[in-house]
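Worksheet: the structure to be examined is printed underneath.
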Amino acid sequence: MADGKERVGIVGAGRMGLAMLRHLVKKGYAVTVCDISDKQRDAARALGAAVVTTPADVAKVSDIVILGVGYDDEVEDVVFGKNGLLEAMAPGSIIAVSSTAKPDNMKKLAERVGNKGIEVIDAPICRGRFAADNGTLLALVGGKTDVVERARRVYTTFASDYVHLGEVGNGQVGKAINNMMLWFNACGVMEAGRLAEKTSVDMVKLREALLTSSAASDSLKEWDRVSFTWAIKDMQIVSDMTDKSGLSLPLTGAIKEVVKEARRAKASNPPNWTGNKPLKYE
């Protein structure tokens, strides 16, 4: 860290990981990347990253490693599996989980690596792929105050807002609540559109009017960009939290089921609120 910058590793160079990488390199960070896909590794290399084979290889040359894998079991494998981070990570290093995961799993992760002198923050990100491109993501962060502040400089290269919500796991609580509200809104926009398209109303004009009214939401505003790709996973996390809390949240249970059909409908035949052709998602 001769220049005062942390050496950054990224495990999982998908759509979001590559966007983070682009901003980090632009700000002068040395970044090392690992991904299981040849295509993603090539893309990372083209953006200026050093590319290695395993998470352990990333750990050897990184002070903070950002995880951008898709699921909790992948987080587990990246950290504790063969050639995982824990095999080579130096004491004092930070594992930053930007994957969307269960809060309890983040707490367990922090406990397991803590006796090795390794710090953990959970820092899931909000606002989606286009905000990632623009460097305007929101990071919701859980962890020790000093560790969270140490990671701030790295994260604010691609996140315009970086909010500390408390202990490890609370970042994921914030993300779960964010996504829960997102899918409530998005499913409402889907069903309202289904009703509207059965009438003679001009849906484009109706949408424009609703965006100035109490029906306005980001889901309606950004309808063409709304993808239900991760909705099922998100609502499963919310459902797990609901069960562990002993709460009865019937609307949450209904949305958990509704997103399954909404995902299919959005990909094939969504209500045409904007008059545009549906976007194709990677």
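The values are calculated or read from the model by the stated rules, or taken from the named source; none is laboratory data. Every value quoted in this text rests on a predicted model; they were computed, and no experiment measured them. Virtual Cβ from ideal backbone geometry, glycine too; neighbours counted across all protein chains shown. What goes into the accessible areas is simple: the full protein's heavy atoms, side chains included, and nothing from ligands, DNA or RNA. Shrake-Rupley method; radii C 1.70, N 1.55, O 1.52, S 1.80 Å.
Using a 1.4 Å probe, what is the accessible area per residue for the range 1-123, in Å²?
43
Taking 7 Å along the Cα-to-C-beta vector as the label spot, tell me the residue 15-residue 134 distance in nanometres, rounded to one decimal.
1.6
If you count only protein heavy atoms with a 1.4 Å probe, what accessible area per residue comes out for the range 131-248, rounded to a whole Å²?
For the range 131-248, the per-residue accessible area is 50 Å².
Which FRET efficiency value, to the nearest 0.05, is calculated for residue 77 and residue 195 with the Förster distance at 45 angstrom and r the Cβ-Cβ distance?
That pair, residue 77 with residue 195, gives E of 0.50.
Here is the link list: 107/260; 27/277; 256/277. Which ones come out longer than 32 Å on Cα distance?
Violating the 32 Å limit, Cα to Cα: 27/277.
Could you tell me which of 89, 226, 172 has its Cα farthest along the dipole of the chain towards the positive end, charges placed at Cβ (Lys, Arg +1; Asp, Glu -1), taken about the Cα centre?
Result: 226, furthest along the dipole toward the positive end.
Can you run phi through the Karplus equation (6.51, -1.76, 1.60; θ = phi - 60°) for the range 110-121 and list ³J(HN,Hα) in whole Hz, with x for Gly and Pro?
Using θ = phi - 60°, the values come out as 4, 5, 6, 8, x, 6, 9, x, 9, 9, 10, 10 Hz.
From the mean inverse distance of alpha carbon pairs (Kirkwood) and the Cα radius of gyration, derive Rg over Rh for the range 1-130.
A ratio of 0.93.
Please check: in the Gaussian network model of the chain (C-alpha springs, under 10 Å), which one of 213, 62, 227 has the largest mean-square fluctuation.
213
Could you state the angle between the C-alpha long axis of helix 250-268 and the longest principal axis of the C-alpha atoms of the chain, as a value from 0 to 90 degrees rounded to the nearest 10?
90
Quick one: helix 231-245 against the long Cα principal axis of the chain, what's the angle to the nearest 10°, folded into 0 to 90?
80
When only Cα pairs under 8 Å and 6 or more residues apart are kept, what is the percent relative contact order across the chain?
RCO, the chain: 13 percent.
In a solvent-free Debye calculation with one equal scatterer on each Cα, what is log10 I(q)/I(0) for the range 126-282 at q = 0.10, 0.11, 0.16, 0.18 Å⁻¹, listed in the order of the q values?
Normalising to I(0) and taking log10 leaves -0.44, -0.53, -1.00, -1.16.
How large is the charge dipole for the range 164-225, taken about the Cα centre, if only the Cβ atoms of Lys, Arg (+1) and Asp, Glu (-1) carry charge, to the nearest 20 debye?
Once rounded to the nearest 20, the dipole reads 80 debye.
What pairs from 26/60; 198/266; 26/221 go past 19 Å between their alpha carbons?
Correct reply: 26/60; 26/221.
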